[in-house]
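Read-outs: derived from the displayed coordinates by stated rules, not from any lab. Computed from a predicted model, the values in this text were never measured in an experiment. Reconstructed Cβ throughout: ideal geometry from the backbone, glycine too, with neighbour counts over all protein chains shown.
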Amino acid sequence: MTTSLKKSRYKPLPAQASAQLYVQLARLESSGIPIENAMQMLVQAEGETGKRARVALNYLKRGKPLSEAGAKSGLFMGLDAALIEAADAGGIYASVFRQLAQFYEEKARNLRRIKSRLFLPLTVLLLAVFIQPVPTLILGKMTILSYLFETVGLIIQFALIVFVVWRLPYWARHGFLKPFGISLLLDKVAISIPYFGGWVVRRNIQNFLQSLGLMLQAGLPIFEALPKAYEVVENPILRRRLQKIIILLKKGEPFAAALSQVEGVNPAAIQLISTGEHAGSLAEMMLHYVKFESEEISLHNEALADWIPRLVYALIVVWIAYGILSAGALMSPVPDDL
C-alpha cells in the first residue's frame, strides 16, 4: 500500500506533539524495543497522540506495516508516512525518526519564536485600528455604532484575509476549488517567487533524495524505489521534472548524470552523488548530502522566523502612515481668503 501524501480525515498533530512522538520512537527503536511494544508504550501518552497510537497498535497487531498503521490512525501523515514507508523496506526506522524529530522540534521552536515576536506588532495594529477614528468620533462626525462597525469590521476583514490565504492551498488541492485547477497555478507561483521559490525546490528535492536514499540503503532496486520516492515530492511540477530521471536511467545514463538534467538541483548534490556512485556508495552519499542540506534549510527556516514578524511590523507601519496621510492629518488648513 502507498501511504504517502494521501488526504486524511485526521488533522495533523501539533508540531510539539509530533516532535515528542518521534523523539520517543527514536529512543525506543535505538534501544532495540520491537515496534509493537514501542507503540504499546505510546498508548499511555496524553491527548490525541495516545488515542491515535491505540488505533495504530490495533493495525500492527493485524500484521500491517508501521507506515500503514500510522497513516490509517492519523499518527503519521503526508510526508512522514511516505518516509516511514521507505524505512519499512529495511526496518531502518531510527534514523528516520531522528530526522523527523529534529524537523518538528525546529518547526515548534520557530512557531513559538514567530508567535512571541508577532505579539508587539499585532498589539500596535489593534491600537491603531481603534485609535485612528477617535478624532472623528470626538468631533461628532461619527456615531458610536459607526465607530464600532469601522474598527471591529476592519479587524474581521483582516482575520478573514489571513484565514483565506492560510486555507487557500488546501481548498485548491482538496476542497471546493479543486475542479477549477487553481492548485497548478499555486504550485507554479510557489516555485517562482524569488528566494522563497528556491527554498520550496530545495525542500522537495531533499525529501526526494532522502526517501530514495533510505530505500536504496534498505536494498530496494532503484527502478522499484524511484516511483515511491516521486510520491514524497509535494509539488507536481517538480515531480514531473524528477520523473525524467527514470527515463534516462532506462537509456543507460548514470544516476548523477540523470539528476544533473533536472532543473533546480543543487550542483553540490550532483557532485557528491556522482562521487558516491563511482565509489559504489550511492545511497550513503545521497543521505550524507540530505544531512548537509537539512542543516542549510534549518538555517533558512530560522532566518524566516526572524523576518516574518519584522515584515508584518513594516506592513503595519506603512498602513498606519497611509491612513494618516490620506486623512490629511499632517496638513495645515489653508485660509479661505488666499
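Here's the picture: charge each Lys and Arg Cβ at +1 and each Asp and Glu Cβ at -1 in the chain, and of Gly78, Gly50, Ala19 the one pushed furthest to the positive end of that dipole is Gly50. Electrostatic bookkeeping for Ala89 treats Lys and Arg as +1 and Asp and Glu as -1; over the other residues with beta carbon under 11 Å from its beta carbon, the sum is -2. Converting phi to 3J(HN,Hα) with the Karplus coefficients 6.51, -1.76 and 1.60 and the offset θ = phi - 60°, segment 244-253 yields 5, 4, 5, 5, 5, 5, 5, 8, x, 6 Hz in sequence order, with x at every glycine or proline.
If you take the square roots of the eigenvalues of the alpha-carbon gyration tensor of segment 15-102 and sort them as a ≥ b ≥ c, do you get rounded (a/c under 1.5), prolate (a/b over b/c) or oblate? Judged from the Cα gyration tensor, segment 15-102 comes out rounded (a/c under 1.5).
Using r as the Cβ-Cβ distance of Glu253 and Leu184, and R0 as 41 Å, what FRET efficiency do you calculate, to the nearest 0.05?
The pair Glu253/Leu184 has a calculated efficiency of 0.90.
With a Förster radius of 41 Å, plug the Cβ-Cβ distance of Ser31 and His300 into 1/(1 + (r/R0)^6) and report the FRET value to the nearest 0.05.
Working: r = 33 Å, r/R0 = 0.81.
The pair Ser31/His300 has a calculated efficiency of 0.80.
Straight Cα distances below 25 angstrom link Lys251 to the lysines Lys228, with same-chain residues fewer than 8 positions distant left out. A simple charge model with +1 on the Cβ of Lys and Arg, -1 on the Cβ of Asp and Glu and nothing else charged puts the dipole of segment 125-269 at about 300 debye relative to its Cα centre. Only DSSP H runs of four or more residues enter the estimate; each adds -39500 (n - 2.57), and after division by the residues of the chain the mean residue ellipticity at 222 nm equals -24500 deg cm²/dmol.
On full extension, the segment bounded by Arg9 and Ala218 gains 72.2 nm, given 0.36 nm per residue less the C-alpha separation. By the count of neighbouring beta-carbon atoms within 10 Å, fewest first, Phe180, Phe196, Phe97, Phe255 end up ordered Phe180, Phe196, Phe255, Phe97. Checking the table Lys64/Lys178; Lys11/Lys178; Lys178/Lys244; Lys64/Lys244; Lys188/Lys244 against a 28 Å threshold on Cα-Cα, which pairs fail? Long pairs (Cα-Cα over 28 Å): Lys64/Lys178; Lys64/Lys244. What's the magnitude of the charge dipole for segment 106-146 around its Cα centre, counting Lys and Arg as +1 and Asp and Glu as -1 at the beta-carbon? Answer in Debye, nearest 20. Computed charge dipole of segment 106-146: roughly 340 debye. Placing +1 on each Lys and Arg Cβ and -1 on each Asp and Glu Cβ, with no other charges, gives the chain a dipole about its Cα centre of roughly 960 debye.
A Stokes-Einstein calculation at 37 °C with viscosity 0.692 mPa s, built on the Kirkwood radius of the chain over Cα pairs, returns a diffusion coefficient of 141 µm²/s. Please work out whether segment 103-162 counts as rounded, prolate or oblate from its C-alpha gyration tensor, where a ≥ b ≥ c are the square roots of the eigenvalues and a/c under 1.5 means rounded, while otherwise a/b larger than b/c means prolate and anything else oblate? Prolate shape, in that a/c is at least 1.5 and a/b is the bigger ratio. Considering only C-alpha atoms, what is the centroid distance from segment 113-161 to segment 191-256, in Å? If you average the Cα positions of each part, the centres end up 47 Å apart. Taking 17 Å as the straight-line reach from the Cα of Lys61, the lysines in range (excluding those fewer than 8 positions away in the same chain) are Lys51, Lys72.
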